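Here is the structure we will look at, set down as structure tokens.
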């Protein structure tokens, strides 16, 4: 999916969408034992500011991962927040 600059109005653009499982599979590629249990929706906001686009977003994921100390799989909650400012361009959503 794409977010076009024209879609970002003066008040900004808010998104609340599920993240595809493939995003996590790609993130875990090359790791051993990590697996997604559950993910929240991606909440993102876009704002145009002086020829730039400010992107703020957040999501969380619950994953299982191997513990080397206790030699068992453990469940972890991973909150993720991010912010980016870039010149006006087309943003791609996956």
- Of 62, 75, how do they rank once you tally other Cβ atoms within 10 Å and put the fewest first? 75, 62
- Sorted by Cβ density within 10 Å, fewest first, the residues 52, 81, 69: 69, 81, 52
- Message: Cα atoms only: what Rg and Dmax, in Å, come out for the chain?
- Response: 16.5, 53
- Message: Which one, 47, 37, 68, has the greatest fluctuation when you compute a Gaussian network model over the chain with C-alpha springs under 10 angstrom?
- Response: 68
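Here, each number is a calculation from the coordinates, and none is a lab measurement. This structure is a prediction, so every number in the text was calculated from the model and none was measured. Cβ coordinates were reconstructed from backbone atoms using ideal geometry, including for glycine residues, and neighbour counts include every protein chain displayed.
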